[in-house]
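J.: The structure's right below; bear with me while I get my questions together.
A short reminder: the numbers here are calculations on the coordinates, not readings from a lab. Owing to the predicted nature of the structure, the values given are computational and were not obtained by experimental measurement. Neighbour counts run over all protein chains shown; Cβ positions are idealised from the backbone, glycine included.
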Amino acid sequence: MISIPHWVILINNRSDRSFFISGLLKGELEEFELLRDKKGALFSKSRLDAFMEEEIRHDQKILTAHTDQSLQSMSSGERKKVLLRHILESDPDYLILDNPFDNLDRDSQQKLKETLSKVSENVVTVLLLSRTSDILPFCNRFCHLNGKSLAFFKDQSAWNLKEAKEPFHGNIPLPLEEIEYRDELLVRFKDVSVSYGPKPILNNINWEIRSGDYWQLSGPNGSGKTTLLSMITGDNPKAYGQDLFLFGHQKGSGESVWDLKRFLGYFTPAMVDRFRGYHSLENMLISGLMDSIGLYVTPNEAQKRLAGEWLSLLGFDGKEGQYFHELSTGQQRLIMCARAMIKHPLLLILDEPTASLDDESARLVTSLVNKISEESRTAIVFVSHRTEPGLKPESKLDLLPTSKGSEGIRK
């Protein structure tokens, strides 16, 4: 019996995915002559975004024609489920899956893996994956896409990452000035519950964050992680009237959003889109001292020296003038984490900082976060769907959905 071929294409931040996908669908890749003149279909975030745009702009419910729900109202897992069903209805000969497990919680990842396992019994698959942990058991052909070049391997053992040495040498730079705050307690939620209309989101959350703590926050899509964080950052009016203590003040006692942001460092990958244009690496870091999108004042010598020290630590010594948009995705994440930390905030919130990164880049980010925890009194909240290898949080808070809203389970 001839086995159905199932390829894994390991990609990184240097891989030209567009070149590969376009070439495969057009039958232009000699290495995949077996699929030439066959009908292919693409499962990707970009295709899902296109369907969502069509639904919003023209009210064309293509993927959701069978339901009253819109794509916007669905979770990430539900969106990918309806996309896959739509694709399979077209009866393709092969299926290209571009990082299908990105932005999915553990349960949604498992359900998609089970579905793809069934699909693989009849349909050829080509999986483009950034993470070796996402390789599925039925895969039987392996290669690596470096730029536009493909290198084939007998099995996946060639990709096993060796134990890495400490990538950052020297200590993290000290702040220009210490933030004055004497209490060990930074944040306290006491029996906090949140609902949006009839839908409960959080139920009786009790959580304390103290100086120097290192937390990992996790939970399924829609479990309330964003709601919980936005109550700390001051961006959610649901925080008013709650028993919520933030940096020395009871919530609603007269503090402003800017009072809170003075104590906070924050990064989520969506922030990168705000820094369009020509921002030098030096200016990117210094803007973290002002909590501004871009730098609109002339920096002084002390600020420039501090930015240079961070760049040297991250491996960008002498590249103060390089533009941020010229960096790879992984390099940009390092800069953004350093930007959030440059003032040594009381609390550093990193919301999915390793999302969509390859193994090597994710390892650099987690190494930097571990180093910050070890060498400072800044408390850290690291949000991730994945259990990142090498991440060393001291405590974990899982949000567990119930009919009354998500409950916080400390581990």
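J.: Relative contact order for the chain: what percent, with Cα pairs under 8 Å and sequence separation of 6 or more? Write out the running numbers ahead of the final one.
T.: On the way: 699 pairs, mean separation 81.7, N = 411.
Rounded, it is 20 percent for the chain.
J.: Here's another thing I want to ask about it. Counting every Cα pair in the stretch 341-411, what percent are over 21 Å apart?
T.: Considering the stretch 341-411, 32 percent of its Cα-Cα pairs are separated by more than 21 Å.
J.: Normalised radius of gyration for the stretch 59-144, please: alpha carbon Rg relative to 2.2 N^0.38 Å, two decimal places.
T.: Working: Rg = 13.7 Å, N = 86, 2.2 N^0.38 = 12.0 Å.
That works out to 1.14 for the stretch 59-144.
J.: So how compact is the stretch 1-116: Cα radius of gyration and Dmax in angstrom?
T.: My reading of the Cα-based Rg and Dmax gives 15.4, 49 Å.
J.: Moving on to the next point. Can you tell me what percent of all Cα-Cα pairs in the stretch 174-256 are more than 17 Å apart? Working shown, then result.
T.: Values: 1731 of 3403 pairs.
Cα-Cα pairs in the stretch 174-256 separated by more than 17 Å: 51 percent.
J.: Pairs to check: Lys113/Lys251; Lys113/Lys148; Lys39/Lys81; Lys154/Lys392. Give those whose C-alpha atoms are more than 31 Å from each other in this structure. Don't jump to the answer; show the numbers that get you there.
T.: Values: Lys113/Lys251 43 Å; Lys113/Lys148 28 Å; Lys39/Lys81 21 Å; Lys154/Lys392 34 Å.
Cα-Cα > 31 Å for Lys113/Lys251; Lys154/Lys392; rest within.
J.: Which chymotrypsin sites (Phe, Trp or Tyr not before Pro) in the stretch 201-301 sit in a loop by DSSP (not H, G, I, E or B) and have at most 12 other Cβ atoms within 10 Å of their own Cβ? Let's see the in-between values first.
T.: Values: sites: Trp207, Tyr214, Trp215, Tyr240, Phe245, Phe247, Trp258, Phe263, Tyr266, Phe267, Phe275, Tyr278, Tyr296; in loops: Tyr240, Phe247, Phe263, Phe275, Tyr278, Tyr296.
For chymotrypsin sites (Phe, Trp or Tyr not before Pro) across the stretch 201-301 that sit outside H, G, I, E and B with at most 12 neighbouring Cβ atoms in 10 Å, the list reads Tyr240, Tyr278, Tyr296.
J.: Next question. Between the stretch 30-83 and the stretch 190-239, how many Å separate their Cα centres?
T.: The distance from the Cα centre of the stretch 30-83 to that of the stretch 190-239 comes to 31 Å.
J.: Could you give the length gained on full extension between Asp37 and Thr298, defined as 0.36 nm per residue of separation minus the Cα-Cα distance, in nm? Working shown, then result.
T.: Working: separation 261, 0.36 × 261 = 93.96 nm, distance 5.90 nm.
The Asp37-Thr298 span can extend by a further 88.1 nm.
J.: Based on the Cα atoms of the stretch 185-410, what semi-axes does the equivalent ellipsoid have, where each is the square root of 5 times one gyration tensor eigenvalue, given in whole Å with the largest first? Let's see the in-between values first.
T.: Numbers: eigenvalues 191, 77, 49 Å².
Here the semi-axes work out to 31, 20, 16 Å.
J.: If I stretch the segment between Ser46 and Lys396 completely, what's the gain in nm (0.36 nm per residue apart, minus their alpha carbon distance), one decimal?
T.: Numbers: separation 350, 0.36 × 350 = 126.00 nm, distance 3.26 nm.
That works out to 122.7 nm of additional length.
J.: Over all directions, how big on average is the projection of the convex hull of the alpha-carbon atoms in the stretch 89-132, in square nanometres?
T.: That works out to 3.4 nm², a quarter of the Cα hull's surface.
J.: Report the gain in length on full extension from Ala151 to Glu114: 0.36 nm times residue separation, minus Cα-Cα distance, nm rounded to one decimal. Spell out each step's value before the answer.
T.: Details: separation 37, 0.36 × 37 = 13.32 nm, distance 2.84 nm.
Taking 0.36 nm per residue and subtracting the Cα distance, the gain is 10.5 nm.
J.: For Lys411, Lys251, what's the fewest-to-most ordering of other Cβ within 10 Å of each Cβ?
T.: On the way: Lys411 9, Lys251 19.
Lowest to highest Cβ neighbour count: Lys411, Lys251.
J.: Apply the Kirkwood formula to the stretch 289-411: the hydrodynamic radius equals the inverse of the mean of 1/r over all pairs of different alpha-carbon atoms; give it in Å with one decimal.
T.: Values: mean 1/r = 0.0616 Å⁻¹.
By the Kirkwood definition, the hydrodynamic radius is 16.2 Å.
J.: At a 10 angstrom cut-off on C-beta neighbours, averaged per residue, how do the peptides 99-106, 376-383 rank from highest to lowest? Provide the component values of the computation, followed by the final result.
T.: Numbers: 99-106: 20.1, 376-383: 21.8.
Ranking, from highest mean packing down: 376-383, 99-106.
J.: For the stretch 6-156, what is the percent of antiparallel DSSP beta bridges, rounded to the nearest 5? Can you show the working numbers first?
T.: On the way: 5 of 24 bridges.
Counting only bridges with both partners in the stretch 6-156, antiparallel ones make up about 20 percent.
J.: Kirkwood hydrodynamic radius, the stretch 300-371, all distinct C-alpha pairs: what's the number in Å? Walk me through the numbers on the way to the answer.
T.: On the way: mean 1/r = 0.0773 Å⁻¹.
For the stretch 300-371, inverting the mean 1/r across all distinct Cα pairs yields 12.9 Å.
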